[in-house]
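Worksheet: the structure to be examined is printed underneath.
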Amino acid sequence: MNNIYVEIIGSDLFSEIIVEIDLTNLIILKNLKTPPIDNYRVIKIIFIENVSLLSVQEYLKKKLPIVFVVKNKSFLLKNKLILGQFHVCLELPLDIFAFKEILNILITKYSFNQNSGITFGEYSVDSNQRTINKNNKKIKLTEKELQLILTLNEHGSLSKSSLLKRIWNYKSNLNSHAFETNLHRLRKKIYKSFKDSNFVYEKNSLYSLNK
């Protein structure tokens, strides 16, 4: 089973409980020296009555896997808070083992959605088929080209070192040739098929998709 990384917000006590129970494959993000490579498996656990209402409203705008924990679900209705597609609300007290199973279901649902396809600008990407489409024209992508597009789409502007860490698991720029080669091939492929010379652009040492 893959690891599930959780970021706990609004309860230090719950973090301590998770550490003490030592649930297999459930890892608290702040206890890691380096962030996980697979960022699709990070879930925020938010004790919403211990954070500002404004912060909760901002979290609800995010299309990310989030578990909101409350004393009573009427809190949502009272404050007119509407859950998104990948949001779950749980009441205290929690059954910690049932809680872990809920996390598994949530992250599986989110990962499947992320892997099935994305759309940005005039492009659509099918991760299962490893293709990119624009104006009914479709071309194949390599695995690393696909990961590069998905990572930039998910996280916005990223540095070369961050991309190397997330996609190639490199810890420095010393092995940047792999990144530069794949980026060059992707740009060349996109320009040849779609005449887009600015598909991935660099500004202030950060790389972004031209959405």
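Laboratory data are not the source of any read-out in this text; all were calculated from the coordinates shown. Note that the structure is predicted; figures quoted are calculated from it, not measured. Note that each Cβ is placed from the backbone with ideal geometry, even for glycine, and that neighbours are counted across all protein chains shown.
Relative contact order of region 4-115, taken over Cα pairs closer than 8 Å and 6 or more residues apart, is 27 percent.
Taking 27 Å as the straight-line reach from the Cα of Lys195, the lysines in range (excluding those fewer than 8 positions away in the same chain) are Lys134, Lys137, Lys138, Lys140, Lys144, Lys160, Lys203, Lys211. Scanning residues 5 or more positions from Val69 or on other chains, those with amide H under 5 Å from its amide H are Ile46, Phe47, Ile48, Leu90, with H placed 1.01 Å from N in the peptide plane. Distance between the C-alpha centres of region 88-128 and region 135-211: 24 Å, rounded to the whole angstrom. If the segment from Asp12 to Ala98 were pulled out straight at 0.36 nm per residue, it would be longer than the present Cα-Cα gap by 28.9 nm. Database remark: amide H of Val6 closer than 5 angstrom to the amide H of Ile27, Ile28, Leu29, Ile43 (H placed geometrically; neighbours at sequence offset of 5 or more, or on other chains; Pro and chain starts carry no H).
With each label modelled as a point 7 angstrom along the Cα→C-beta vector, the Ile28-Gln57 pair spans 3.1 nm. For the chain, the relative contact order works out to 13 percent when only alpha carbon pairs closer than 8 Å and six or more residues apart are counted. Placing a pseudo-label 7 Å from each Cα along the Cα-to-Cβ vector at Gln129 and Leu77 gives an inter-label distance of 4.5 nm. Counted as membrane-span-like here are DSSP H helices of the chain whose alpha-carbon atoms extend 15 Å or more along the helix's own axis and whose Kyte-Doolittle mean is 0.0 or above; these are 96-116. Its relative contact order, with pairs defined as Cα atoms under 8 Å and 6+ residues apart, puts region 62-181 at 13 percent. Each residue of region 126-140 was assigned a 3J(HN,Hα) from its phi angle through the Karplus expression (A = 6.51, B = -1.76, C = 1.60, θ = phi - 60°), giving 9, 5, 5, 8, 6, 10, 10, 10, 8, 6, 6, 10, 10, 10, 7 Hz with x at Gly and Pro. The modelled label-to-label distance for the pair Asn113/Ser205, using points 7 Å beyond Cα in the direction of Cβ, is 3.5 nm. One decimal place: the segment Ser176-Glu91 gains 25.9 nm when fully extended, by the rule 0.36 nm per residue minus the C-alpha distance. Would you kindly calculate the translational diffusion coefficient of the chain, applying Stokes-Einstein with the Kirkwood radius from alpha carbon pairs, for 4 °C and a viscosity of 1.567 mPa s, and quote it in µm² s⁻¹ without decimals? Rounded, D is 67 µm²/s. Here Val51, Val69 are placed in order of increasing Cβ neighbour count within 10 Å, fewest first, which gives Val51, Val69. Computed from the Cβ-Cβ distance with R0 of 45 Å, the FRET efficiency linking Lys188 to Ile105 stands at 0.65.
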